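Encoded as structure tokens, the structure appears first; notes follow it.
Laboratory data are not the source of any read-out in this text; all were calculated from the coordinates shown. Note that the coordinates shown come from a computational prediction; the quantities given were computed from them, not determined experimentally. Because the Cβ atoms are built from the backbone with ideal geometry, glycine has one as well, and the counts that use them run over all protein chains shown.
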Amino acid sequence: MILTEEQKMQIEEQIAELPLFAYGYLPVSEVGFSERVRYICETECPQYGKSWSCPPAVGTVEECKERVNKYEEVFVFASLSEVESMDDMQMMLSTRKEHERITRQITDMFQVIGCETLTLSTESCIQCKHCTYPDAPCRHPEVQFPSVESYGIMVTELAEKCGIPFIQEYGVITWFSVIVLR
Ligand code: SF4
């Protein structure tokens with residue numbers, strides 16, 4: 001653990017104020033990287049090649065792995081959102097914004113206690129209406145979180161290792177983020 005017991009308590013007290021479903025810590029050595037996840041990005045995701053937060057802009061899976069392995073520990077967490085219809089994309093996206101806001105808050109909490117962070121969150125970055133990729137540098141690299149999957153990480157497997165269950169129920173969306181710490 002890179003955090004002292006006191007720091008962990010401090011984080012837990014603040015997190016208790018947030019609508020999180022579950023969370024846990026793991027050493028970075030427990031994070032698995034898979035070319036299969038990258039293949040899904042490449043062949044099934046419409047955002048592939050359209051954002052600085054997605055492949056190929058984030059680098060190869062091997063480069064992502066090297067980046068993560070320079071850290072020591074990961075904090076994995078999930079929030080749940082309920083929607084009336086899984087077909088209502090606008091409603092689903094609005095619940096994602098809340099999770100992204102929480103992800104920013106928790107990242108800040110770790111930074112305040114002196115941790116360096118690498119935050120991976122949900123899907124493609126939505127900070128700007130039109131991403132500058134690939135014509136110009138990212139406008140807000142300090143707030144842009146690459147997606148967990150863009151790094152080749154199967155987040156459900158990682159969450160399971162942390163004891164975070166994946167809820168498969170109609171109308172319930174589970175959003176995951178991973179904060180890599182040192
Ligand atoms: S902050 Fe803007 S430019 Fe940067 S990845 Fe997000 S959408 Fe693209």
- Message: Based only on other Cβ atoms within 10 Å, what is the fewest-to-most ordering of Asp108, Asp135?
- Response: Asp135, Asp108
- Cα gyration tensor shape of the stretch 61-144, rounded if a/c is under 1.5, else prolate or oblate by comparing a/b with b/c: oblate
- By how many nm would the segment from Arg139 to Glu17 grow when fully extended, if each residue of separation counts as 0.36 nm and the alpha-carbon distance is taken off? 40.8 nm
- Of Cys45, Cys128, Cys162, which has the largest mean-square fluctuation in a 10 Å C-alpha GNM of the chain? Cys128
- Give me the percent of DSSP beta bridges within the chain that run antiparallel, rounded to the nearest 5. 95
- Does the stretch 128-182 come out rounded, prolate or oblate, given a ≥ b ≥ c as the square roots of the eigenvalues of its C-alpha gyration tensor, rounded meaning a/c under 1.5 and, failing that, prolate meaning a/b above b/c? prolate
- Task: Could you grab the relative contact order for the stretch 24-88? Cα pairs under 8 Å, six or more apart, rounded to a whole percent.
- Result: 47
- Hey, in the GNM for the chain with a 10 angstrom Cα cutoff, which one of Pro27, Pro146, Pro46 fluctuates hardest? Pro46
- Who wins for biggest fluctuation among Met86, Met109, Met154 in a Gaussian network model of the chain, springs between alpha carbons below 10 Å? Met86
- Message: Below 8 Å, C-alpha to C-alpha, sequence gap of six or more: please give me the relative contact order for the stretch 51-173 in percent.
- Response: 42
- Item | Residue exposure sequence - Ile106, Ile2, Ile179 - by fewest surrounding Cβ within 10 Å | Ile2, Ile106, Ile179
- Once you sort the root eigenvalues of the Cα gyration tensor of the chain as a ≥ b ≥ c, which label holds: rounded (a/c under 1.5), prolate (a/b larger than b/c) or oblate (the other case)? rounded
